Amino acid sequence: MSLEAQNLPRRLARTTAGAWTFSVLLMVVLAVGVRFQAESNYLDDLLKAHAFAAYGLGWFEDCDTFHPEFLERDPLLKGQDIKLAVWGLNGPVFGSLPQIFEPIAQQTISSQEEFLDSFDKFRIMSLPAYDDHDQLCGAVIVWAAKARALSPPLPFAVATLIVALLLILLGLFMSEFIARRLLTAHSQQQEEREQLLAGAAHELRTPIAKILALCHAEAPTRDTLDTIKKVSENSSKKLNALLTWAQLAHHQPELEPLRFDLLLDQLELSVPVELEETIVQGNLALLTSLLENLLENAQRHGGGLQKVILKDRCLQVFDHADEPLSESLLEPFHKGRGSSGSGLGLALVARIASVHGAKLGLSKPLSVRFPPPS
């Protein structure tokens, strides 16, 4: 494997992990920001509620007389977090107003408009107050430290960061895992491609050399031409097997309902055949190749074909060999002892069977079991 291919999972893992980490951190920033904004809005709503409650519970009889009796009795308006004061035309009439807020009270009275804004380290609201004759007599001022809006989201932010760190660690692990899985698949495809090219070169080198040698004969005879034809036909078979193997590695063939028993019957075999009507989802060319390779394997390596049975969606090919076949024969270009084939026969049968959802059995008799109809 090339150095670039070896570094591929590392680069892929880094890229995936970086994108994942950025996404998680962005999620954290958005979550904390939304929570902080919600808490800030909550503080503003709380200040408004306190201001209007104070305006309703305490009132100016006239601009010189303020009645705070109900204000003093309400426990909800005596909290430690939100402070309350009432400012008259000539100064404070209820509560203690910090000096820095006095200009805001005076501004509210002069403008006769509500005031809600941040001032220094505080969030403050000022509401104009009127007497029973709708005459402006002062202002109701409520305020709270802005730290109050920051404190509730703090545990949330910490919890969010912990979850984010766990997600980042999970992302790093998954990135490495996925990258290695992809590299494994890529490596297998690359290895199979190289194996296919090497096998093709090996399988075609000998027949091509043989044909060239026969063509250079001084006086070609009929036997020479027959030999060239036989070698060419054999090479063509090997090429077709190689092409089918390569196509199945990268393309899913189209499948349609087929009568597999009729396909087998058309071969007109010279041995006993027991057929049962069997409809499969299959590809005609591939199933034909599967049958040809199975029968050729029995003829070449099994001492000859004995009989064929198709029953209960299972094809059984009987030959004269007693020993079960080795699993190694399912590897491409693995040839049996004394074989002159391409080494793709049974490997190709297994791959075609897999494409059709079927399973190749190597115990005697050799079998291909198709899945039940959907």
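Coordinate-derived values only; no laboratory data. Because the structure is a prediction, the values reported are computed rather than measured. All Cβ positions, even for glycine, are placed from backbone atoms using ideal geometry, and neighbour counts span all protein chains on display.
Overview of values
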{"read-out": "Spin-label pair residue 174/residue 284, simplified geometry with 7 Å Cα→Cβ offset, distance in nm", "value": "4.6 nm"}
{"read-out": "Inter-probe distance in nm under a simple model that places probes 7 Å from Cα toward Cβ, at residue 112 and residue 74", "value": "2.4 nm"}
{"read-out": "Net lengthening on full extension, residue 225/residue 26 (0.36 nm per residue, minus Cα-Cα)", "value": "64.1 nm"}
{"read-out": "Per-residue Cβ neighbour rank within 10 angstrom, fewest leading, 66, 260", "value": "66, 260"}
{"read-out": "Taking 137, 215 and counting other C-beta atoms within 10 Å, the order from fewest to most", "value": "215, 137"}
{"read-out": "Residue-count net charge about residue 98 - beta-carbon cut-off 14 Å; Lys, Arg +1, Asp, Glu -1", "value": "+1"}
{"read-out": "Distance (nanometres) between label positions extended 7 Å along Cα→Cβ at residue 320 and residue 233", "value": "2.3 nm"}
{"read-out": "Region 252-369, Cα convex hull volume normalised per residue, Å³", "value": "97 Å³"}
